[in-house]
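The values are calculated or read from the model by the stated rules, or taken from the named source; none is laboratory data. Predicted model, so just to flag it, every value in this text is computed and none were measured. Glycine also receives a Cβ, built like all others from the backbone with ideal geometry; neighbour counts cover every protein chain displayed. Only protein heavy atoms, including side chains, enter the accessible area calculation; ligands, DNA and RNA are left aside. Shrake-Rupley method; radii C 1.70, N 1.55, O 1.52, S 1.80 Å.
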Amino acid sequence: MFLISMVFFILAIGVLRIFVFTNHDDSELPKWFQFRGFIDLKALLWESVIVTLVVFSFTQTIAKSGTSVEEALKLPLVILVLSVSLLIVKKAHDH
């Protein structure tokens, strides 16, 4: 629940940062929270969701040791697809 609340916190602060504090000095913010627009905010949220899914996947794998292989690999496959798509979006944005 903490990681999910952090995703919503980053979303709220990011939208506030983009729309309300447009001319605010970035030097007081942490380095990971300095972004220019929606694409950077989207990447930050995407990374937060991936971290949340990784932690959730580990807890589910540890808690349920008697599951089938297909069931155990569903969430890691989703994490892999999200990570690869984030990599593609970041590479396309840099060019």
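Quick notes on this structure:
- Within the chain, helix-based [θ] at 222 nm, where runs of 4 or more DSSP H residues each add -39,500 (n - 2.57), nearest 500: -26000 deg cm²/dmol
- When each full DSSP H helix of the chain is screened for a Cα extent of at least 20 Å along its own axis and an average Kyte-Doolittle hydropathy of at least 1.6, the helices passing are 2-19.
- For the pair residue 16 and residue 39, the difference between a 0.36 nm per residue extended length and the Cα-Cα distance amounts to 6.8 nm.
- Rounded to 0.05, the FRET efficiency of the residue 94 and residue 70 pair, given R0 = 35 Å and the Cβ-Cβ distance, is 0.45.
- Long-range Cα-Cα pairs in the chain (distance over 16 Å), rounded percent: 63 percent
- In plain terms, the chain is cut at each of the trypsin sites (Lys or Arg not before Pro) found in a DSSP loop with at most 12 other Cβ atoms within 10 Å, and the longest leftover piece is 1-35.
- Of the solvent-accessible surface of the chain, computed with a 1.4 Å probe and all protein chains present, 72% belongs to carbon and sulfur.
- Judged by the mean number of other Cβ atoms found within 10 Å, the most tightly packed of the peptides 43-53, 4-14 leads the ranking 43-53, 4-14.
- Solvent exposure of the chain as accessible area per residue, Å², 1.4 Å probe: 76 Å²
- Computed over the chain, relative contact order equals 32 percent, with contacts defined as Cα pairs under 8 Å that lie 6+ residues apart.
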